[in-house]
C-alpha cells in the first residue's frame, strides 16, 4: 500500500476515535444535566401538589369559618 493511503487511514482512524470520544463525553454531560433537571421538576411537582392540597384545606377551613360566623349571627338575632 502506498504511504499516502496508510497515512490517510491513520488520520481517518484518529478522527473517528476523536469524534466518537467527543460525542460520548457530550452525551454523558447531557445525561447528567437531564437527570438534574428531572430532579428539579420532581421537586417542583411536589410543591405544586402540596400547594393544591393546602388550597383545598383552606377552602374547607374558610367554609367552616363561614358556617360558624353564620351560626353566630343567627344566635345573636334570637
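Readers should treat all values here as calculations from the given coordinates under stated rules, not as data from a laboratory. Note that the structure is a prediction, hence the values are computed from the model and not measured. In this analysis, Cβ positions are derived from the backbone assuming ideal geometry, glycine residues included, and neighbour counts consider all displayed protein chains.
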Task: Gaussian network model of the chain, springs between alpha carbon atoms under 10 Å - residue of 33, 53, 64 with greatest fluctuation - done: 64
Open item on the list: How tilted is helix 3-77 with respect to the longest principal axis of the chain? Cα atoms for both, answer in degrees (0 to 90, nearest 10).
Closed with: 0 degrees
Task: the chain: projected area of the alpha-carbon convex hull, averaged over directions, in nm² - done: 6.5 nm²
Task: Length released on extending from residue 47 to residue 62, taking residue separation times 0.36 nm less the Cα-Cα span - done: 3.2 nm
Open item on the list: Can you tell me the length gained on complete extension of the stretch residue 3 to residue 55, counting 0.36 nm per residue apart and subtracting the Cα distance?
Closed with: 11.0 nm
Open item on the list: I want to check the label-to-label distance for residue 29 and residue 10. Put each point 7 Å from Cα in the C-beta direction and report it in nm to one decimal.
Closed with: 3.0 nm
